[in-house]
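Chemist: First the structure, then my questions, so here it is.
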Amino acid sequence: MRRLTPVLLLAALLLPATSFGQETTASAPTDGPRIVLDRATMARLFEGGRVNPGTDAPDVFLQQKSTADWASEGRACEGCPRRRAAAAYFQAVVINVIYNLGNQARGEETAKISFKSWWNNMKFGFEWDDNPFVTNQFGHPYQGSNYFTAGRANGLSYWESAALTAFGSATWEYFGENNHGSFNDIVNTTLGGIALGEAFHRAAWMIRDTHATGKSRMWQEIAATAVDPVGGANRFISGDASRVSDKPATFAPASSSVVASLGALWQGSNDNAFSEAVKKAVSATTYRPAELQGKKVRQLVQQPYKFAAR
């Protein structure tokens, strides 16, 4: 994802103050009917029928789905998404395809992939890259958050979605670009994607009111989709965006806080980051891949980017 900047950066403004790793099942409804008294819900359920919620008595008893009903759909709770692990991994691959097509549309040379580039990447392994700060520290984590929220939107737990993020990151490094995979990219994409992804996932659920209907519900779902595009798209496709249910207790935190910090960072450019003396020292000990043919490579782990051949 060379020089690919993030489309949306909202996690810094709104971070749910709750444990990311906590995974519990929401309280299931007790046996017997559930009573719904709000007229908006009745208006939706009886739309097109003879019941007029504006004039009829509001205290109408409506039996919602029992525990067996939503559990049989593969949901962990009444308002939880269906569990579809295969769909989550498929969507991670689709996300990679979308990012690659976007890079191709922008004329990026690294986006011109082929079976040959895939094979070369698998043979070569990983290296360190020197992409710009914004790309590595914002672009890669945001792309990783798309993988993570794909897992959450398909009913996967926090840790299952974390594994999906690692899968999406690794497949992108090997198959999404024609340059060799990067150690720092796969770390930033995976760990940054987990952190951003859970924040976006929970922030979007704070926006949604799953008991609302009509235009207000639609606009809430659209706003939540702006925060969590993959999760929102899944909800519109599956029909959950209009489904009336209780909000999952573990998805939306009981409280939230905003944390902000201010600082400055000075950095050199990729072309002029070192003095002339340093450049001479680097050029004396640096070998390009073409110069390594027929030589035995000895990795020096003391410093990144540094290796010697003998």
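The values are calculated or read from the model by the stated rules, or taken from the named source; none is laboratory data. Note that the coordinates shown come from a computational prediction; the quantities given were computed from them, not determined experimentally. Note that we place each Cβ from the backbone using ideal geometry, even for glycine, and neighbour counts take in every protein chain shown.
Chemist: Condition first: touching a residue at least 12 places away in the same chain (Cβ under 8 Å), closer than 30 Å to N234 by Cβ and aliphatic (A, V, I, L, M). Now tell me which residues in the stretch 104-153 satisfy that.
Modeler: Passing the criteria: A111, I113, V134, A150, A153.
Chemist: Scan the stretch 196-250 for residues that are among the charged types (D, E, K, R) and within 22 Å of A87 (Cα to Cα) and jot them down.
Modeler: Passing the criteria: E198, R202, E221, D228, R235, D240, R243.
Chemist: Take the residues in the stretch 149-160 that are crowded, with 19+ Cβ neighbours inside 10 Å and more than 9 Å from the chain's Cα centre (by Cα), then tell me which one is farthest from V94 (Cα to Cα).
Modeler: To start, the set of residues in the stretch 149-160 that are crowded, with 19+ Cβ neighbours inside 10 Å comprises 149-156, 158.
Narrowing the set further to residues that are more than 9 Å from the chain's Cα centre (by Cα) leaves 153-156, 158.
Details: A153: 15, N154: 14, G155: 18, L156: 18, Y158: 21 Å.
Taking the candidates together, the pick is Y158.
Quick grid of which residues meet (1) farther than 21 Å from S145 by Cβ; (2) part of a loop (DSSP other than H, G, I, E, B); (3) modelled with pLDDT of 90 or more; (4) touching a Leu at 6+ places or on another chain (Cβ under 7 Å):
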| residue | (1), (2), (3), (4) |
| --- | --- |
| F61 | yes, yes, no, no |
| K65 | yes, yes, no, no |
| D69 | yes, no, no, no |
| A92 | no, no, yes, yes |
| I98 | no, no, yes, no |
| Q104 | yes, no, yes, no |
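Chemist: State the number of residues belonging to the stretch 172-205 that are within 30 Å of A241 (Cβ to Cβ) and either over 13 Å from the mean Cα position of the chain (by Cα) or among the polar types (S, T, N, Q) (or both).
Modeler: Residues meeting the conditions: 5.
Chemist: Can N136 be described as over 30 Å from R75 (Cβ atoms) and crowded, with 20+ Cβ neighbours inside 10 Å?
Modeler: yes
Chemist: N184 fails exactly one of the following numbered conditions: (1) surrounded by fewer than 20 Cβ atoms within 10 Å (Cβ to Cβ); (2) part of a loop (DSSP other than H, G, I, E, B). What is the number of that condition?
Modeler: Evaluating N184 over (1) surrounded by fewer than 20 Cβ atoms within 10 Å (Cβ to Cβ); (2) part of a loop (DSSP other than H, G, I, E, B) leaves (2) as the failure.
Chemist: Of all residues being part of a loop (DSSP other than H, G, I, E, B) and at pLDDT below 60 in the stretch 232-288, which is nearest to L156 (Cα to Cα)? Just the residue, please. I'd like the intermediate steps shown before the answer.
Modeler: Residues of the stretch 232-288 that are part of a loop (DSSP other than H, G, I, E, B), as a first pass: 239, 243-255, 258-275, 286-288.
Next, only the ones that are at pLDDT below 60 stay: 270, 273-275, 286-288.
Working: N270: 40, A273: 43, F274: 46, S275: 50, T286: 45, Y287: 44, R288: 43 Å.
Taking the candidates together, the pick is N270.
Chemist: Look through the stretch 99-111, keep the residues that are at negative phi and either surrounded by fewer than 13 Cβ atoms within 10 Å (Cβ to Cβ) or of a type in the set (S, T, N, Q) (or both), and return whichever of them is farthest from the chain's Cα centre (by Cα).
Modeler: This residue is E109.
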